[in-house]
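Everything on this sheet refers to the single structure shown next.
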């Protein structure tokens with residue numbers, strides 16, 4: 001992002017994406033206060049998963065919340081059943097800000113995806129070294145979520161990815177072209193973790209051009225992702 005470039009809070013982008021896609025079903029991992037859950041249309045069947053929510057926003061009757069970790073949810077619950085038998089249209093991963101959690105959340109969600117499903121990833125653009133470390137020592141903390149895009153570029157080049165670099169404060173990625181039959185990430189999960197967990201912020205900086213190449217505009221990104229299949 002260039003100095004002086006106008007930025008937009010990621011909540012504003014979420015609202016636009018909901019408006020453009022009008023998903024029938026929506027799953028959010030890490031809804032915390034519930035503000036982002038309320039961006040979904042009242043006609044969207046919305047599921048929120050968070051082990052320690054601090055809900056401050058009113059929920060409509062179409063919102064179902066689960067006070068549990070995402071690992072526990074996918075172990076104990078059938079997402080399709082919780083969605084009333086429908087397909088997963090839109091999901092937002094914003095839970096634990098550690099690479100292995102984001103990777104597992106993506107793997108678990110993709111099992112229920114179609115070619116039209118869009119998965120959103122928050123905190124994919126780290127701000128600096130200290131806030132992108134695995135150990136939290138600052139108020140603002142993105143953790144090492146940023147590793148997921150580098151992982152996708154290597155292990156899942158079949159995915160369609162667009163990064164909204166001006167989504168304040170730490171980027172928003174749209175991922176589509178999902179394939180529930182693709183088991184590469186699941187089959188090679190330990191290899192992936194062994195390779196990416198030790199990496200530090202300097203790896204991201206040295207490979208920044210590959211992430212910049214994914215930059216997109218929200219309007220083009222949503223149109224392209226919605227009709228990618």
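Here are a few things to note about the model shown:
Yes/no matrix, rows are residues, columns are (1) over 29 Å from residue 220 (Cβ atoms); (2) surrounded by 14 or more Cβ atoms within 10 Å (Cβ to Cβ); (3) in contact with a helix residue (DSSP H, G or I) (Cβ under 9 Å, 6 or more places away or on another chain); (4) without any contact (Cβ under 8 Å) to a residue 12 or more places away in the chain:
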site: 91; (1), (2), (3), (4): no, yes, yes, no
site: 96; (1), (2), (3), (4): yes, yes, yes, no
site: 106; (1), (2), (3), (4): no, yes, yes, no
site: 116; (1), (2), (3), (4): no, yes, yes, no
site: 137; (1), (2), (3), (4): yes, no, yes, yes
site: 144; (1), (2), (3), (4): no, yes, yes, no
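- Residue, surrounded by the most Cβ atoms within 10 Å (Cβ to Cβ), within the range 24-40, restricted to residues that are over 15 Å from the mean Cα position of the chain (by Cα) and at pLDDT 95 or above: 25
- Search result, residues across the range 41-68 that are free of Cβ contacts under 8 Å to residues at least 24 places away in the same chain, within 20 Å of the chain's Cα centre (by Cα) and under 22 Å from residue 112 (Cα atoms): 41, 46, 48, 51, 64, 66, 67, 68
- Among residues that are outside any strand (DSSP E or B), crowded, with 21+ Cβ neighbours inside 10 Å, in contact with a strand residue (DSSP E or B) (Cβ under 9 Å, 6 or more places away or on another chain) and at pLDDT below 95, residue 125 is included.
- Single unsatisfied condition, residue 35 versus (1) closer than 17 Å to residue 90 by Cβ; (2) touching a strand residue (DSSP E or B) at 6+ places or on another chain (Cβ under 9 Å); (3) part of a loop (DSSP other than H, G, I, E, B): (2)
- Selected residue (criterion: nearest to residue 177 (Cα to Cα)) from residues of the range 151-167 that are touching a residue at least 24 places away in the same chain (Cβ under 8 Å) and not in a strand (DSSP E or B): 158
- The residues listed here are 121, 164; of these, the one that is touching a helix residue (DSSP H, G or I) at 6+ places or on another chain (Cβ under 8 Å) and over 16 Å from residue 102 (Cα atoms) is 164.
- Residues being in contact with a strand residue (DSSP E or B) (Cβ under 8 Å, 6 or more places away or on another chain) and in a loop (DSSP other than H, G, I, E, B) - total across the range 41-59: 5
- Test for residue 28: is it touching a helix residue (DSSP H, G or I) at 6+ places or on another chain (Cβ under 9 Å), more than 18 Å from residue 70 (Cβ to Cβ) and touching a residue at least 24 places away in the same chain (Cβ under 8 Å): no
The values are calculated or read from the model by the stated rules, or taken from the named source; none is laboratory data. Everything numeric in this text was worked out from a predicted model, so none of it was measured. Cβ sites come from the backbone with ideal geometry, for glycine too, and all protein chains shown count toward neighbours.
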